[in-house]
Amino acid sequence: MTRQKKRRFEENKLRPNLVESGKDFYDEIKGKWHLKVFTDQQPIVLELGCGKGEYTLGLAQAFPNRNHIGVDIKGDRLWVGSGIALREGIQNAAFLRTQIQFLEHFFKKGEIEEIWVTFPDPRPKEKDDKRRLTAPRFLAIYQNLLKPDGWLKFKTDNTELFNYTLELINKNRISVKNLAFTHDLYDSEYVFEHYEIKTKYERKFAALGETIKYLKFQFQ
């Protein structure tokens, strides 16, 4: 581990807006985010695989009446997002360091208003399909955590992953309602739903000529 990474991890231990193993409230946060991290009981929005938190912070600023939590396993990335939130006084943004498959350890059934999956690793190898963040086992977790009529929203540049997700829905492997999607977000009626937030990866993919795919739905 580099000296810089060690320093960041030590700073993470002191940050009140970053939930990670070793902190007093790590094992007690489920159902208590408004008591342990946030100052009020607003609806909770998750961003999964948030990286440095660009989208989480953007959503928090666009929707101050919601509490936004970015989830990632990389502590040095979360150091960036949590630091920005503290410096800029973004009190409705926080971060959770864990793997996505363990989300149910940190949130109660029906506790989440909305989930964003933004530009996840496409896991292109067929043997890795269970690790895709829109695979059935992950969707089952999201369904359990979302409130009735809560939204799942998914953005990607990867055509194969996008088509894989749509195929799951079309084959009724998951039951959804109010499905809406586009293969080119910025040339569609859903363009307003990006809220003028673009991550580093999104700008990179767009510069390479990739269209941004977007879908949203509610579970039945």
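The values are calculated or read from the model by the stated rules, or taken from the named source; none is laboratory data. Bear in mind that the values here come from a model prediction, so they are computed numbers and not experimental data. Backbone-built Cβ (ideal geometry, glycine too); neighbour counts: all protein chains shown. Heavy atoms of the whole protein, side chains included, go into the accessibility calculation; ligands, DNA and RNA do not. Shrake-Rupley method; radii C 1.70, N 1.55, O 1.52, S 1.80 Å.
Summary table
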{"read-out": "Gyration tensor (alpha-carbon) shape descriptor, the chain, a/c threshold 1.5", "value": "prolate"}
{"read-out": "Unit charges at the beta carbon, dipole of region 116-210: most positive-side option, His194, His183, Asn172", "value": "Asn172"}
{"read-out": "Residue-wise HN-Hα coupling along region 30-39, computed from phi with Karplus coefficients 6.51, -1.76, 1.60 (Hz; x: Gly, Pro)", "value": "4, x, 10, 4, 6, 9, 8, 10, 8, 8"}
{"read-out": "Calculated over region 132-195: convex hull of Cα atoms, volume per residue (Å³)", "value": "102"}
{"read-out": "Relative contact order (%) - the chain, alpha-carbon pairs under 8 angstrom, separation at least six", "value": "19"}
{"read-out": "Charge-dipole axis of the chain as Lys and Arg at +1 and Asp and Glu at -1 on Cβ define it, positive-most pick from Leu14, Pro120, Gln41", "value": "Leu14"}
{"read-out": "Simple Cβ-charge dipole of region 20-74, Lys/Arg +1 and Asp/Glu -1, about Cα centre, in debye nearest 20", "value": "60"}
{"read-out": "Computed over region 103-220: relative contact order in percent, which uses C-alpha pairs under 8 Å that are six or more apart", "value": "32"}
{"read-out": "Magnitude of the charge dipole, region 94-220, Cβ model with Lys/Arg +1 and Asp/Glu -1, debye to 20", "value": "540"}
{"read-out": "Global form of region 19-113, assessed from the alpha-carbon gyration tensor, a/c cut-off 1.5", "value": "rounded"}
{"read-out": "Region 119-176 - percent relative contact order, Cα under 8 Å, separation 6 or more", "value": "38"}
{"read-out": "FRET efficiency estimate (nearest 0.05) - Cβ-Cβ, Asp27 to Phe192, R0 41 angstrom", "value": "0.55"}
{"read-out": "Potential extension, Lys109-Gln220 segment - 0.36 nm per residue separation minus Cα distance", "value": "38.4 nm"}
{"read-out": "Accessible-area value, Trp151, 1.4 Å probe, nucleic acids and ligands omitted, Å²", "value": "70"}
{"read-out": "For the chain, with +1 on Lys and Arg beta carbons and -1 on Asp and Glu, the positive-most of Asn65, Phe154, Thr134 along the dipole", "value": "Thr134"}
{"read-out": "Amide proton proximity set for Leu18, modelled H, under 5 Å, gap of 5+", "value": "Phe95"}
{"read-out": "Karplus-derived HN-Hα couplings along region 175-189 (A = 6.51, B = -1.76, C = 1.60, θ = phi - 60°), whole Hz, x at Gly and Pro", "value": "9, 10, 9, 6, 5, 9, 7, 8, 8, 8, 3, 7, 10, 8, 6"}
{"read-out": "Expected 222 nm ellipticity per residue - DSSP helices of 4 or more, -39500 (n - 2.57), all of the chain, to 500", "value": "-9000 deg cm²/dmol"}
{"read-out": "Sparsely packed trypsin sites (Lys or Arg not before Pro) within region 161-193, loop by DSSP, other Cβ within 10 Å at most 14", "value": "Lys171, Arg173"}
{"read-out": "Cα-centred dipole magnitude for the chain, charges only on beta-carbon of K, R (+1) and D, E (-1), debye, nearest 20", "value": "800"}
